[in-house]
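Working notes, beginning with the structure itself.
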Amino acid sequence: MEQQLQSLLQISARLYEKLVSDPEEAVRDEFIAEIQVLLDQRGELMEAALKTGFSYNQDDKIHRMLLELDKGIRSRLERVMITIKEDMKNLQNAKKNEKQYTNPYGHVQVMDGMYYDKKK
């Protein structure tokens, strides 16, 4: 049990350190893949710890460190998610602007040569 907690602490620390800096756009895919691998490993260790009868002890130093790391990991993952969402939004806007540039009148509906009467 102690070995599992040590492994969990090490992987959580690596994940926390990895999330310190925001990824550059050029290496974002690699960054996300590495984060996903660490999250998967961490999840497996947590699941194994729960299956073996994990008991939380507030006074234990390892448990307190894990809780602090978890808070930091959650906040940093949220920041990374916000950054990725903003980039996706910017990409959609860029695509929309490019489409408008190539066909500026694509959104205009023209009814040339037709008579349209609203009365019956």
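Computed values, structure above
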{"quantity": "Principal-axis tilt of helix 61-102 within the chain, Cα atoms, nearest 10 degrees", "calculated": "10"}
{"quantity": "The chain: proportion of alpha-carbon pairs further apart than 21 angstrom, %", "calculated": "58"}
{"quantity": "Between helix 2-18 and the chain: long-axis angle, C-alpha atoms, 0 to 90°, nearest 10", "calculated": "40"}
{"quantity": "Whole-number percent relative contact order across the chain, with pairs defined as alpha carbons under 8 Å at least 6 apart", "calculated": "34"}
{"quantity": "Cα-centred dipole magnitude for the chain, charges only on beta-carbon of K, R (+1) and D, E (-1), debye, nearest 20", "calculated": "800"}
{"quantity": "Per residue accessible area in Å² of the chain, where ligands, DNA and RNA are left out and the probe is 1.4 Å", "calculated": "84"}
{"quantity": "CD proxy at 222 nm, helix term only [per DSSP H run n ≥ 4: -39500 (n - 2.57); per residue of the chain; nearest 500]", "calculated": "-25000 deg cm²/dmol"}
{"quantity": "Cβ-Cβ FRET estimate between ASN90 and THR52, R0 fixed at 41 Å, reported to 0.05", "calculated": "0.35"}
{"quantity": "Computed lengthening from VAL37 to SER7, 0.36 nm per intervening residue step minus Cα-Cα distance", "calculated": "9.3 nm"}
{"quantity": "Solvent-accessible area, 1.4 Å probe, carbon plus sulfur percent, for region 1-47", "calculated": "49"}
{"quantity": "Rounded to 10°, Cα long-axis angle of helix 28-51 versus longest principal axis of the chain", "calculated": "40"}
{"quantity": "Sites MET65 and TYR101, calculated FRET efficiency, Cβ-Cβ separation with R0 41 Å, nearest 0.05", "calculated": "0.15"}
{"quantity": "Estimated distance in nm for a label pair at GLU30 and ARG74, the labels positioned 7 Å out from Cα along Cα-to-Cβ", "calculated": "3.2"}
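The values are calculated or read from the model by the stated rules, or taken from the named source; none is laboratory data. Keep in mind it's a predicted model, so treat the numbers as computed, not measured. Note that each Cβ is placed from the backbone with ideal geometry, even for glycine, and that neighbours are counted across all protein chains shown. We work out accessible area using only protein heavy atoms, side chains counted, and drop any ligands, DNA or RNA first. Shrake-Rupley method; radii C 1.70, N 1.55, O 1.52, S 1.80 Å.
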